[in-house]
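Worksheet: one structure, shown below.
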Amino acid sequence: MRLTPAYRNRKCYNHNGIFLLRRVPSWTGRGLRQKEDVMPVFLVILIIIAVILICVNIRIVPQGYVFVIEHLGRYKTSWQAGLHVKVPFLERVAKTISLKEQVLDFPPQPVITKDNVTMQIDSVVFMKVFDPSLYTYGVENPIAGLQNLSATTLRNIIGDMELDQTLTSRETINGKMQAILDEATDQWGIKVTRVEIKNIQPPKEIEEVMTKQMRAERERRQTVLEAQAHQEAVVSRAEGDKKAKILAAEAERDAQIALAEGKAKSIELVYQAEAEGLEALKNANVSESVLRLKGIEALKDVSDGRATKIYMPSDIAGMVSSLGLAGEALGIGDALKIDKSAKKKPVPAADPCIKPQTSEGGREAAAATQAINADVEGQGQQEED
């Protein structure tokens, strides 16, 4: 829009005092109306600029991050996750820091052990920022500083250990490095949560020696395991034989016990049956003549020619005489005479060694000897009868 001012005459004097008539623009009338039309445009422009500035200075901090804010070049605050607005031209975001745990994989570092063996060791450091202001203003390059500090700490620890100890003490190395790095990086706003030894690379000569040693150790273990397996097999076989014999003996013992129990049970049943038979005979009131007849019949069976021994009842003569015809039928009865007189004891012969002049002690000894001989002969005759 082009503004056209109205002009009017104005009286004035120059430096010489000469009266002049000069035309000057005037904003009255039509000019004032044009000025009123321009004011809303300026207001709209100002509002647009203000909105743009506000939009540009609105910041949204994501979760897990922190914005470090400076006011006129000085640290002011740290914005956490959420919506924030900064003052235009006076405040700025100095640094965006992640609060997540970070994994720093450092390249291999040459180290020398206590026994002068040079090897390459690479480590992994796990860290997180706990103070954004210290992390921003405490050190120029925190990651590079942590890497160099990790290398020097690793050299110091490995320098006090031998090669074999280094290869078998990773947990010890990790713990020492974590403690040292965590303490040293507190002033940088860094928390070292864990340190891990990723790889230990000894020289090739040492690797060859270790390979031979490992092969020999494996062969030795194989030999020992084979010997132990053979020993265990022999022991197991012996134990198996022992258990088999024990089981066989127990089975035989159980069989003998069962057989003895069966015999005892059968004998018990036989005696029980005989007792029941006798009880039945007793209850039947059988006459004495019948019982004697049954005894003679049993005697006839016993006197069979196949028998090697004959058992005769002591009162067989009375039994036969009382039965009469039964005794005649068997050929035993009154015709059989039984000598019931007592047997005469043999009279011991006089000892020819005893003479009239023999003393009383000698006679007593001879008498005792004769008595012993008589007892022995009597026992022999009883066995023959």
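Listed values, structure above:
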{"read-out": "Qualifying residue in segment 124-132 (condition: over 30 Å from Val93 (Cβ atoms), in the same structural domain as Gly189 (by TED's automatic domain parsing) and modelled with pLDDT of 90 or more)", "value": "yes"}
{"read-out": "From the options Lys265, Lys243, residue that is modelled with pLDDT under 85, more than 30 Å from Glu171 (Cα to Cα) and either assigned to a helix (DSSP H, G or I) or not charged (D, E, K, R) (or both)", "value": "Lys265"}
{"read-out": "In segment 53-84, residue farthest from the chain's Cα centre (by Cα) [restricted to those that are exposed (fewer than 11 other Cβ atoms within 10 Å of the Cβ) and of a type in the set (A, V, I, L, M)]", "value": "Leu72"}
{"read-out": "Selection status of Thr136, part of a helix (DSSP H, G or I), more than 19 Å from Val192 (Cβ to Cβ), out of contact with any His (no Cβ under 6 Å at 6 or more places or on another chain) and of a type outside the set (Gly, Ala, Ser)", "value": "no"}
{"read-out": "Meets criteria (under 30 Å from Leu163 (Cβ atoms) and loosely packed, with under 15 Cβ neighbours inside 10 Å) for Asp122", "value": "no"}
{"read-out": "Every pair of residues 6+ apart whose Cβ atoms lie under 9 Å, when the first sits in segment 119-137 and is closer than 11 Å to Gln102 by Cβ while the second is among the basic types (Lys, Arg) and not in a strand (DSSP E or B)", "value": "Lys128/Lys100; Val129/Lys100"}
{"read-out": "Residue in segment 241-248 that is β-branched (Val, Ile, Thr) and outside the structural domain of Thr113 (by TED's automatic domain parsing) present", "value": "yes"}
{"read-out": "Selection from segment 74-107 of residues that are without any contact (Cβ under 8 Å) to a residue 40 or more places away in the chain, part of a loop (DSSP other than H, G, I, E, B) and in contact with a helix residue (DSSP H, G or I) (Cβ under 6 Å, 6 or more places away or on another chain)", "value": "Lys86, Pro88"}
{"read-out": "Single residue of Gln165, Gln231, Gln147 found to be under 21 Å from Asn116 (Cα atoms) and either surrounded by 12 or more Cβ atoms within 10 Å (Cβ to Cβ) or of a type outside the set (D, E, K, R) (or both)", "value": "Gln165"}
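Results for (1) among the basic types (Lys, Arg); (2) exposed (fewer than 10 other Cβ atoms within 10 Å of the Cβ); (3) under 24 Å from Pro108 (Cβ atoms), shown as yes or no for each residue.
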{"position": "Asp186", "(1), (2), (3)": "no, no, no"}
{"position": "Lys204", "(1), (2), (3)": "yes, yes, yes"}
{"position": "Glu207", "(1), (2), (3)": "no, no, yes"}
{"position": "Met214", "(1), (2), (3)": "no, no, yes"}
{"position": "Arg221", "(1), (2), (3)": "yes, no, no"}
{"position": "Ala251", "(1), (2), (3)": "no, no, no"}
{"position": "Leu259", "(1), (2), (3)": "no, no, no"}
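The values are calculated or read from the model by the stated rules, or taken from the named source; none is laboratory data. This structure is a prediction, so every number in the text was calculated from the model and none was measured. Cβ coordinates were reconstructed from backbone atoms using ideal geometry, including for glycine residues, and neighbour counts include every protein chain displayed.
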